[in-house]
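Worksheet: the structure to be examined is printed underneath.
The values are calculated or read from the model by the stated rules, or taken from the named source; none is laboratory data. Keep in mind that what you see is a predicted model, and the values were worked out from it rather than measured. Quick reminder, even Gly has a Cβ in these numbers, built from the backbone with ideal geometry, and neighbours come from all protein chains shown. What goes into the accessible areas is simple: the full protein's heavy atoms, side chains included, and nothing from ligands, DNA or RNA. Shrake-Rupley method; radii C 1.70, N 1.55, O 1.52, S 1.80 Å.
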Amino acid sequence: MNSLGNATFENYVGMESGFSEMAYQMSAHVLTLGYAIMLAALLYFVLTMKSVSPKYRISSVLSVVVMVSAFLLLYVQAGNWTSAFTFDASSGTYQLANDADLFNNGYRYLNWLIDVPMLLFQILFVVTLKTSKFSSVRNGFWFSGTAMIITGYIGQFYEVTNPTLFFIWGAISTVFFFHILYLMKKVIDEGKQGISPKAAGYVGAIWTVFLFSWMLYPGAYLMPYLFSFSMEPALTETAVVARHITYTVADVVSKVIYGILLTLTAMELSKDEGYDYDSLTTTS
């Protein structure tokens, strides 16, 4: 069990039983879909940047940075998957390659370390805080967001070799996770005050999307144990595919859908303040 050291459980599955054609290709395709969506969303945020008032454009700029970061690092991870496993004709499965780097979910954590603070900062450039102090919320987002990712990153190295440390680091990460949820709920509640019903509806939808997508991440982190009935991880291809799908859905919703809703909110607020991009382009 420990011959691969602190490698993630995907590598242990590839070493012990291998992946069927369906499991291997589903994982490869899901990972490819993830970075392809980020590239498509990058074009959306670039093309819609001028549709919002200049005061809100920093949110679109941050979305662009998030998309570039996510595309590059998820592209590398997809390549990491295909290079880590090779087809074995004798067994008809994809086995862990002997001469390649191990598969590593650390690429996702590196991506989140860049993206999470920016995602959290974005909303502060769209909504208006009524009672909370901008700098206080911003610093809270940055500290808890960074601490959540770093502690989760450390924990995932122990998911096979030391379940106790895996859960301890996961629990520490969860403390920061809930602090972020608390701050975001406060920002959402204050942001809905004093704006038009349509804009407030978008802000409310942001909270729903944020809560749904962020709740998927702890599930993906725990995925090896969600398919197990003991304190040993379930080294099955089903758990591997389920984690790839869960992480990809969470990334797309928390980055792309969240960013689009922020753009729509900014568009509506811009119109309410007299900035109508359609009218400006028509008259020019």
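Quick look at the numbers
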quantity: Spatial extent of the stretch 99-250: Rg and Dmax, with the Cα atoms as the point set, Å; calculated: 17.5, 61
quantity: Relative contact order [Cα under 8 Å, 6+ residues apart], the chain, whole percent; calculated: 25 percent
quantity: Ranked packing of 69-79, 226-236, most packed first, by mean Cβ within 10 Å; calculated: 69-79, 226-236
quantity: Built amide H within the under 5 Å cut-off of ASN104, gap 5+; calculated: none
quantity: Lys/Arg +1, Asp/Glu -1 at C-beta; the chain dipole; positive extreme among PHE177, VAL76, LEU102; calculated: PHE177
quantity: Spin-label model distance (nm) - SER135 vs ASN98, 7 Å beyond Cα toward Cβ; calculated: 6.1 nm
quantity: Solvent-free Debye scattering, log10 I(q)/I(0), computed from the Cα coordinates of the stretch 181-279 at q = 0.14, 0.15, 0.20 Å⁻¹; calculated: -0.64, -0.69, -0.94
quantity: Lysines with Cα under 23 Å of LYS133, excluding same-chain neighbours fewer than 8 positions away; calculated: LYS55, LYS185, LYS186, LYS192
quantity: Accessible area per residue in Å² at 1.4 Å probe, computed on the chain; calculated: 44 Å²
quantity: Compactness of the chain, expressed as Rg and Dmax over alpha-carbon positions, Å; calculated: 20.9, 69
quantity: Helical contribution to [θ] at 222 nm, DSSP H n ≥ 4, -39,500 (n - 2.57), averaged over the chain, rounded to 500; calculated: -24000 deg cm²/dmol
